[in-house]
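*Asks:* Structure below; questions to follow.
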Amino acid sequence: MLQRVLKQGLDSLSIIGLAKNVGKTTVLNGLVAEAHEKEISVGLVSIGVDGEERDVWSGRLKPPVYVPAGSFVATAGPLLDLEGYSWEVIAETGVQSAVGKVLIARALHSTNVKLAGITAAEDAAKIDHQFRALGAQLTIVDGAYDRKAAANPFITKGSICVVGGSMAPTLDQVVEKTAELVHLFTLPECTDPTLQLAAEQAINQRQLFAVHEGKITPLPFSSLFVPEKMLRMELERKPWKGIAIPGALTNRSLSLLTRIGRPLQLVLNNPTCNFVSLAVLRRFFQIGGSISYLRRSRLLGIAINPVSPSGFSFDPQEMRERITSVCSPLPVFDIVRDPV
Amino acid sequence: MFLDESTQAAIYWSQIWSRFQPLTPMGREAKRELLPFMPGQETAWENTLHEQELLWQSEEKDPDWGRRIETYLRKVPDIENVLFSLERDEQLGVSDWFILKQFVWQVRLWRKSLEEQDLEGWTTIKEEVWESLLTLLNPTPPLTPSFYLADAYDQRLSALRKRLQSLEKQIREHREEAAKRIEAEFGVRRNRAGEWVVERDREVVKHLEADQRLGRVRETPFDVVFVLLPTKVEEAWVSEREQVLDEIKQVEKEVCRRLAREVRPFLSQLVSAVEELTHFDLQWARMRAAQEWRGCRPHLAADKVQIRGGFHPVIAEQLEEKGQLFTPLDMELPQGTTVIIGPNMGGKTVALRTLGIICALAQYGFFVPAKACSLPLYPYIAGVIGDGQDTQAGLSTFGAEVARLSKFLTQEQVGLLLLDEIGRGTNPVEGAALSAAVTAYLAEKKWWAVHVTHYHEVLQIPGIYKLRTLGLKEEELAEHLAGGSSLAEGLKLLMDYRLVPVTGQEPIPQQALTIAHALGLPETIVTDARQRIASDG
């Protein structure tokens, strides 16, 4: 897996999970060990809920992360103090968390640590720069509780998604959820320069912008959460070619646009803003609409974990085959069974 | 309260205050609690201004030096918690020592930069103190700003760490060899976690289960998971490793305790350094803010306020955005009551806001937005100033203003009162009477007040100082309009906002009629209005 990341010239990646306990930490530890074997120095940071000692959902203790000698981490000072002799504390990050100041440290020898204290995307991006300045070759962001947010292309250049037995009671549902994510993540990047410009403006000014005959016009909304009548009125003013949306796109909003019936080209910031289901997406496409992103996150692969922490397991072979069928040509690997 | 909320809003205090940006966490904390200089603190006030003058000179001479200073200030951490723990003899961890070392590192660089400009008087802590502290926090060369538990702290550390590493290597290699033997024997391969996950129905499961070297950790409906069980030798190593780790932790504790003992004698110097740095940070931030408005140093004057070329940075910027210029404020206010009279839109309220912001900034120890300025220190500054556009807001505004005014007039101490058109919220007859009566009361009690009004009755009160805004240049406006230009344009160009003393019996400004005429009101109505004023007068 790491080989693939490096071959693409990426220097940062995130690990995202579609549910609690899917096995993200196992994947993280595996990647870190692999990087260590290849003598690639890594910087590790987790983005999640502040002070999250236990998994919010299941109440299980969150496992510490394995850190080989020479690796960098960003975590709250008191968590470093637990194994103080293992660390050279190098820099402040300027982030103050509920657990304490978030500091950057280098492991003097292999050790374990809990990563905590970072909740905002901008902070994770800043820490990525600090890691780089210190000489880390690869930043790995563990997308804790927040799930998809760590895949924000603003933070990391690529993502690995972990899907597992804890996501849903049936394999059908797991496959469907995975297909949805893969589909949303692999929608194209916007190539129309006018729409790109409109999207930049939409994001900067937190307002919707519409494009007609090469001209960009602001719409009087900051999101699509507006009464249908108002939206319909604005959309019918001109035969708009496309609309740039600053925030999230939900099933409700996309259904509304589908009902209004305009074959619009929608531009979103990035895939983490897209929350629509495949069924709703399909209907929008049927009326001639399309969706693209200003910045695409690259999905590098899917890690599967057939086992759920409650002991239940899907048939690993079947799971791998079915997941592969919905996400090909992305590589799929089994974090439990694949040999090193 | 020196500046109450309404006064702050009236003089756009928060917009100005947000330009005052200390760079250290301690400076930001101190900003929240910063008090103005009060009457009686004139010497401290003068010192504050003098210090900024010196800083400003150094910064101007060498802007690169200024940027360096700011880099150090930005990196100084808050060590309050560390000092607190040191004082109470609490256990400190490596992250605490790192924070302290960062502080020492940055403050030392700051001090060295001060030396470059002969400004080392800002701190009483000598280089030797910082050197001693760095030696404690950095026992092995090279000198770096990071912190770790160096082997030099305790002679046992090096040996323990070596033992730990060699044990870990032994355990790893031992397990690796054993795992390889298993894999060779049974043809199975490990996953990333070092486990063998084997499909239940495979023949090999039976053999793996029977093997003494392996343990079955869990199973799913599809797989059985095996791990390598530790051998007796490995168990001994693991237990020794635990012991070594415990010893390291014990040594770490001892080192931290010893370090605390050695650092504690510097506690009072560290506390002083925090105070000195905070003071410097505030002064630097004051200077930076004043540089934005090209401020001048205010001087002390016991009995009058004198401002030359004053302006309000916020209003000036708003005008600039519209392509207009702020007319500099020249003003002299002797102790007592001053009345400013002038036409609507003539800049009276702006003059009041500008006076307010200049006096308030001066008392907080800032250089002020003016060419020259002298003033006394007041116990408070209070404004009864509407937003200038709400003259029709009615009795609620009137009531609120009167209530505010009453509150100030019943105070013992005399502060600076800024009054904007008292009485305008009610009918003209009562309004004018009230305006005049308030002014008379202030004049008699020798209040330090500035009252902006357009009720000419107020000018009749004895013992007041009178200023007027110059207002519209009427003849030029007529020409301007005859030339086909718009009224709005004409008003913008030809309104003279300057203040001049009222010398004799200038005619009451009647420019509302001029404006009404220019806006197209029939000549006969305007003439009639002028006649009515003449006969009333």
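*Asks:* Confirm whether A:S86 is in contact with a strand residue (DSSP E or B) (Cβ under 9 Å, 6 or more places away or on another chain), over 21 Å from B:C256 (Cα atoms) and modelled with pLDDT of 85 or more.
*Replies:* no
*Asks:* At negative phi, open to solvent by less than 50 Å² (accessible area, probe 1.4 Å) and either in a helix (DSSP H, G or I) or touching a residue at least 24 places away in the same chain (Cβ under 8 Å) (or both), is that true of B:L54?
*Replies:* No, not satisfied.
*Asks:* Which ones in segment A:311-325 are within 11 Å of another protein chain (Cβ to nearest Cβ) and surrounded by fewer than 13 Cβ atoms within 10 Å (Cβ to Cβ)?
*Replies:* Once the filter is applied, which keeps residues that are within 11 Å of another protein chain (Cβ to nearest Cβ) and surrounded by fewer than 13 Cβ atoms within 10 Å (Cβ to Cβ), segment A:311-325 yields only A:G311.
*Asks:* Give the residues of segment B:351-384 that are surrounded by fewer than 22 Cβ atoms within 10 Å (Cβ to Cβ) and aliphatic (A, V, I, L, M), sorted by residue number.
*Replies:* Passing the criteria: B:A372, B:L377.
*Asks:* Step by step: first the residues of segment B:146-161, then only those that are outside any helix (DSSP H, G or I) and either of a type in the set (G, A, S) or over 23 Å from B:Q106 (Cα atoms) (or both), then the one that is nearest to the other protein chains (Cβ to nearest Cβ). Which residue is that?
*Replies:* B:S146
*Asks:* Name the single residue, out of those in segment B:204-221 being out of contact with any helix residue (DSSP H, G or I) (no Cβ under 7 Å at 6 or more places or on another chain), open to solvent by less than 80 Å² (accessible area, probe 1.4 Å) and part of a helix (DSSP H, G or I), that is farthest from the other protein chains (Cβ to nearest Cβ).
*Replies:* Filtering first and then ranking leaves B:A210.
*Asks:* Show the residue pairs that are 6+ apart or on different chains and have beta-carbon atoms under 6 Å apart, the first residue being within segment A:195-208 and more than 11 Å from A:L266 (Cα to Cα), the second being surrounded by fewer than 17 Cβ atoms within 10 Å (Cβ to Cβ) and small (G, A, S).
*Replies:* Qualifying pairs under 6 Å: A:R206/A:S222; A:Q207/A:S222.
*Asks:* Out of everything in segment B:175-203 that is assigned to a helix (DSSP H, G or I) and hydrophobic (A, V, I, L, M, F, W, C), what residue ends up being nearest to A:E318 (Cα to Cα)?
*Replies:* The extreme case among them is B:F186.
*Asks:* State all residues of segment B:448-476 that are surrounded by 17 or more Cβ atoms within 10 Å (Cβ to Cβ), assigned to a loop (DSSP other than H, G, I, E, B) and modelled with pLDDT of 85 or more; if no residue qualifies, say none.
*Replies:* B:I461, B:I464 - these are the residues of segment B:448-476 that are surrounded by 17 or more Cβ atoms within 10 Å (Cβ to Cβ), assigned to a loop (DSSP other than H, G, I, E, B) and modelled with pLDDT of 85 or more.
*Asks:* Here's a follow-up. Against the condition among the hydroxyl-bearing types (S, T, Y) and more than 20 Å from A:H109 (Cβ to Cβ), how does B:S239 come out, does it pass?
*Replies:* No: the conditions fail for B:S239.
*Asks:* Residues of segment B:169-202 being under 60 Å from the mean Cα position of the chain (by Cα), open to solvent by 40 Å² or more (accessible area, probe 1.4 Å) and either facing chain A (nearest Cβ under 10 Å) or closer than 18 Å to A:H109 by Cα (or both), which ones?
*Replies:* Once the filter is applied, which keeps residues that are under 60 Å from the mean Cα position of the chain (by Cα), open to solvent by 40 Å² or more (accessible area, probe 1.4 Å) and either facing chain A (nearest Cβ under 10 Å) or closer than 18 Å to A:H109 by Cα (or both), segment B:169-202 yields B:K169, B:Q170, B:R172, B:E173, B:R190, B:R192, B:A193.
*Asks:* Please count how many residues of segment B:11-22 are farther than 27 Å from B:G386 by Cα and open to solvent by 30 Å² or more (accessible area, probe 1.4 Å).
*Replies:* Residues that pass the stated criteria total 1.
*Asks:* Continuing with the same structure: Just to be sure before I move on: is A:V267 touching a residue at least 60 places away in the same chain (Cβ under 8 Å) and not aromatic (F, W, Y) in the structure I sent?
*Replies:* yes
*Asks:* Identify all residues within segment A:89-128 that are more than 24 Å from A:K157 (Cβ to Cβ) and either open to solvent by 30 Å² or more (accessible area, probe 1.4 Å) or outside the structural domain of A:V45 (by TED's automatic domain parsing) (or both); write none if there are none.
*Replies:* A:E92, A:Q96, A:A98, A:V99, A:K101, A:L108, A:S110, A:N112, A:K114, listed by residue number.
*Asks:* May I ask you to verify whether B:W97 is out of contact with any strand residue (DSSP E or B) (no Cβ under 6 Å at 6 or more places or on another chain) and aromatic (F, W, Y)?
*Replies:* No; evaluated as a whole, the condition is false for this residue.
*Asks:* Among the residues of segment B:408-426 satisfying the criterion of being out of contact with any strand residue (DSSP E or B) (no Cβ under 9 Å at 6 or more places or on another chain) and within 24 Å of B:V350 (Cα to Cα), which is least open to solvent (accessible area, probe 1.4 Å)?
*Replies:* B:G425
*Asks:* So for segment B:71-84 (the condition being surrounded by fewer than 19 Cβ atoms within 10 Å (Cβ to Cβ) and in contact with a Pro (Cβ under 6 Å, 6 or more places away or on another chain)), does at least one residue qualify?
*Replies:* Yes: segment B:71-84 contains one or more residues that are surrounded by fewer than 19 Cβ atoms within 10 Å (Cβ to Cβ) and in contact with a Pro (Cβ under 6 Å, 6 or more places away or on another chain).
The values are calculated or read from the model by the stated rules, or taken from the named source; none is laboratory data. Remember, it's a predicted structure, so these values are computed and weren't measured experimentally. Neighbour counts are summed over all protein chains in view; Cβ atoms, including those assigned to glycine, are modelled from backbone coordinates with ideal geometry. SASA here: full protein model, heavy atoms, side chains in, ligands and nucleic acids out. Shrake-Rupley method; radii C 1.70, N 1.55, O 1.52, S 1.80 Å.
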